[in-house]
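Below: one structure in structure tokens.
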Amino acid sequence: MATSATLAMAAKARELRAEGKDIIGLSLGEPDFTVPDFVKEAAIQAIKDDYHAYTPVDGYVELKNAIITKFKRDNDLVYTPSQIVVSTGAKQSIANLAQVLLNEGDEVLLPAPYWVSYSDIAKVAGGVPVPIDSGIESDFKVTPAALEAAITPRSKMLVYSSPCNPSGSVYSKEELRALADVLVKFPDIIVVSDEIYEHINFTDAHASMAQFEDMYDRTVTVNGVSKAYAMTGWRIGYIGGPEYIARACNKMQGQVTSGANCIAQRATIAALENPPSKIKYMVDAFKNRRKLVLDLLAEIPGIKTNEPEGAFYVFPDVSFYFGKTIQGVKIDNASDFALFLLDKANVATVTGEAFGSPDCIRISYAASEADITEAMKRIKTVLS
Ligand code: PMP
Ligand code: GLU
């Protein structure tokens, strides 16, 4: 099992900073906003109300009800409480799913670029990751034909995120339908639709695979509050899906971590009961930063970008630099390139290799405009 490349890069940046280096961290997908006051107040109230005990393994009933209301309100998805499991972050939600669904040798289809942890979560559960390639020319989205070509009798799960980490690409309803048209021919494949960036979407249209009637019974929708509510450290994620899968996740979680943190669950009720318009100020800021980072990257020769439609990442193709020697450093691949930026420009990014796209690096723009501007200036200087 590999170390999480995103967390490893963030740790390295922290270490270098502690040594006195002026590192700008654009490696971690972590909003730089603070938690909205109405969420903080709910957490403070929960402490005052003496919430302290072990929680139900699959989450407080009140939180499950808030999740059910959210799924209906935002996604037109109907779930009952027995179809919902609250976990310690969406990462645990996905790990639970891999543990309960995969047997040794089962294949996990991963449209690439994919979020770094999917492949190792699958491997730990005995699964075999099967990346399905896509590139910048197709806006980093896979075609139905590529999906079909990757399916074998061992295919068990398809995991994707939309909006996508790391590419920012958003699958439209029509695009998802075209993928669903392939999947209906292979009824044993369970779809894990990771929608944690749902609200950080600049297209105003978010589609869920489970909205299709013929996919509902075999799709698990994953979401959480880390990204939209800037609650990364509060660790709450959740799923809605077929009851038999929810029951298995509940069982798994009950032996591994028990229910998620009581205070964070109470705070999440407040987060989800409020309309998404309450967090629009963050989405607007991300949209401005996307423009800023794309405008500045466009000034750097050899860096190719597409326009991401959501999340808070750009995923430039930097393969122009492969084989070149800059400031005495030979750059052969994206990992060399990311390390070069860290060493020479003091800017932390993440290699695309970790996401299954070896021509690219990921830049997170969940950072201040001042940091983004300075980081792009440094990158431009070292590359020129
Ligand atoms: N899915 C994706 C696509 C992510 O980027 C992240 C980021 N951490 C997660 C899941 C997990 O989120 P968390 O565990 O913080 O809820
Ligand atoms: N998901 C974020 C990222 O991709 C946070 C780090 C992690 O959990 O991997 O950077």
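Taking square-rooted eigenvalues a ≥ b ≥ c of the alpha carbon gyration tensor, is the range 1-59 rounded, prolate or oblate, where a/c under 1.5 means rounded and, failing that, a/b exceeding b/c means prolate? Walk me through the intermediate numbers first.
Working: a/c = 2.98, a/b = 1.88, b/c = 1.58.
Taking the square roots of the gyration eigenvalues as a ≥ b ≥ c, the range 1-59 is prolate.
Can you give the Rg and Dmax of the range 31-104 based on its C-alpha atoms, in angstrom?
Here Rg and the maximum Cα pair distance are 15.1, 47 Å.
Counting DSSP beta bridges in the chain, what percent are antiparallel, to the nearest 5? Spell out each step's value before the answer.
Values: 18 of 37 bridges.
Of the beta bridges lying entirely in the chain, close to 50 percent run antiparallel.
Now for a different question. Quick one: helix 5-18 against the long Cα principal axis of the chain, what's the angle to the nearest 10°, folded into 0 to 90?
Around 60 degrees separate the two axes.
Here's something else I'd like to know. State the extension gain, in nm to one decimal, for the chain segment bounded by VAL256 and GLU369, taking 0.36 nm per residue of separation less the distance between their alpha-carbons.
Details: separation 113, 0.36 × 113 = 40.68 nm, distance 4.04 nm.
This chain segment gains 36.6 nm when fully extended.
Sticking with this structure for a sec: Name the longest site-free stretch of the chain, where the excluded sites are trypsin sites (Lys or Arg not before Pro) in a DSSP loop with no more than 16 other beta-carbon atoms within 10 Å.
In the chain, the maximal stretch lacking such sites is 186-384.
What FRET efficiency comes out for the pair SER172/ALA8, r = Cβ-Cβ distance, R0 = 45 Å, nearest 0.05?
Plugging the Cβ-Cβ distance into 1/(1 + (r/R0)^6) gives 0.85.
Still on this structure: With each pseudo-label sitting 7 Å past Cα toward Cβ, what's the LYS48-ARG247 distance in nm, one decimal?
That separation, rounded to one decimal, is 4.2 nm.
Right, here's the next one. When the gyration tensor of the range 80-143 is built from Cα positions, what are the square roots of 5 times its three eigenvalues, in whole Å, from largest to smallest?
Output for the range 80-143: semi-axes of 24, 16, 10 Å.
Can you work out the PRE-style zone for SER384? Point 7 Å along Cα to Cβ, and I want the residues of the range 294-330 with backbone N under 16 Å.
Once the point is set 7 Å along Cα→Cβ of SER384, 295-303, 327 turn out to lie under 16 Å by backbone N, inside the range 294-330.
Could you run the Debye sum over the Cα atoms of the range 130-233, one equal point scatterer each and no solvent, and tell me log10 of I(q)/I(0) at q = 0.17, 0.21, 0.24 Å⁻¹, two decimals?
With one equal scatterer per Cα and no solvent, log10 I(q)/I(0) is -0.80, -1.18, -1.47.
Under the Kirkwood approximation for Rh and a Cα-based Rg, what ratio Rg/Rh is obtained for the chain?
Using only Cα positions, Rg/Rh for the chain is 0.96.
Is the range 68-199 best put as rounded, prolate or oblate by its Cα gyration tensor, with a ≥ b ≥ c the root eigenvalues, rounded for a/c under 1.5, and otherwise prolate when a/b is larger than b/c, oblate when not?
Values: a/c = 1.42, a/b = 1.10, b/c = 1.28.
Rounded shape, in that the Cα axes give a/c under 1.5.
Using a simple charge model, +1 on the beta-carbon of Lys and Arg, -1 on the beta-carbon of Asp and Glu, nothing else, what dipole does the chain show about its Cα centre, in debye to the nearest 20?
For the chain, the charge dipole is close to 660 debye.
So what's the gap between the Cα centers of the range 204-255 and the range 116-140, to the nearest angstrom?
19
Also, quick follow-up: Among LYS12/LYS377; LYS72/LYS123; LYS91/LYS227; LYS291/LYS377; LYS123/LYS287; LYS227/LYS344, which pairs are too far apart, with a Cα-Cα distance over 24 Å?
The pairs that break the limit, which is 24 Å between Cα atoms, are LYS72/LYS123; LYS123/LYS287; LYS227/LYS344.
Sticking with this one: Hey, can you grab everything whose amide H is under 5 Å from the amide H of SER155? Only 5+ residues off in sequence or another chain; H modelled, so Pro and N-termini drop out.
The list, which skips near neighbours in sequence, is GLU107.
Let me ask you something else. What ³J(HN,Hα) values, in whole Hz, does the Karplus curve 6.51 cos²θ - 1.76 cosθ + 1.60 give for the range 317-323 when θ = phi - 60°, with x put for Gly and Pro?
7, 10, 5, 3, 8, 5, x
Ok, one more. Kirkwood hydrodynamic radius (Cα pairs, Å) of the range 226-384?
The answer is 18.4 Å.
Each residue of the range 117-129 in order: what ³J(HN,Hα) in whole Hz does its phi give by Karplus 6.51 cos²θ - 1.76 cosθ + 1.60, θ = phi - 60°, with x for Gly and Pro?
7, 3, 6, 6, 4, 5, 4, 4, 8, x, x, 10, x
As an exercise, use a Förster radius of 30 Å and the Cβ-Cβ distance of ASP133 and ASP332 to find the FRET efficiency, rounded to the nearest 0.05. Provide the component values of the computation, followed by the final result.
Values: r = 20 Å, r/R0 = 0.67.
About 0.90, to the nearest 0.05.
Which of HIS52, HIS199 has the fewest other C-beta atoms within 10 Å, and how do the rest follow up to the most?
Least crowded to most crowded, the residues run HIS52, HIS199.
Please determine, in degrees from 0 to 90 and to the nearest 10, the orientation of helix 173-183 with respect to the longest principal axis defined by the Cα atoms of the chain, where the helix direction is its Cα long axis.
Around 70 degrees separate the two axes.
May I pose another question? If you stretched the chain out fully between ALA149 and GLU104, how much longer would it get, using 0.36 nm times the residue separation minus the C-alpha to C-alpha distance?
Taking 0.36 nm per residue and subtracting the Cα distance, the gain is 14.0 nm.
Hey, another quick one. What Kirkwood Rh does the range 114-181 have if only Cα atoms enter the pairwise 1/r average? Answer in Å.
Evaluated over the range 114-181, this radius sits at 12.9 Å.
Contour minus end-to-end for ARG73 and VAL61, with contour as 0.36 nm per residue of separation and end-to-end as the Cα-Cα distance?
Working: separation 12, 0.36 × 12 = 4.32 nm, distance 1.81 nm.
Going from the current span to full extension adds 2.5 nm.
If amide H atoms are built 1.01 Å from N in the plane of the peptide, which residues on other chains or at least 5 residues away come under 5 Å of the amide H of ASP133?
ALA112
Against the longest principal axis of the chain, how steep is helix 90-101, in degrees 0 to 90 to the nearest 10, with axes from Cα atoms?
60
No lab work stands behind these numbers, since they all come straight from the coordinates. Because the structure is a prediction, the values reported are computed rather than measured. Backbone-built Cβ (ideal geometry, glycine too); neighbour counts: all protein chains shown.
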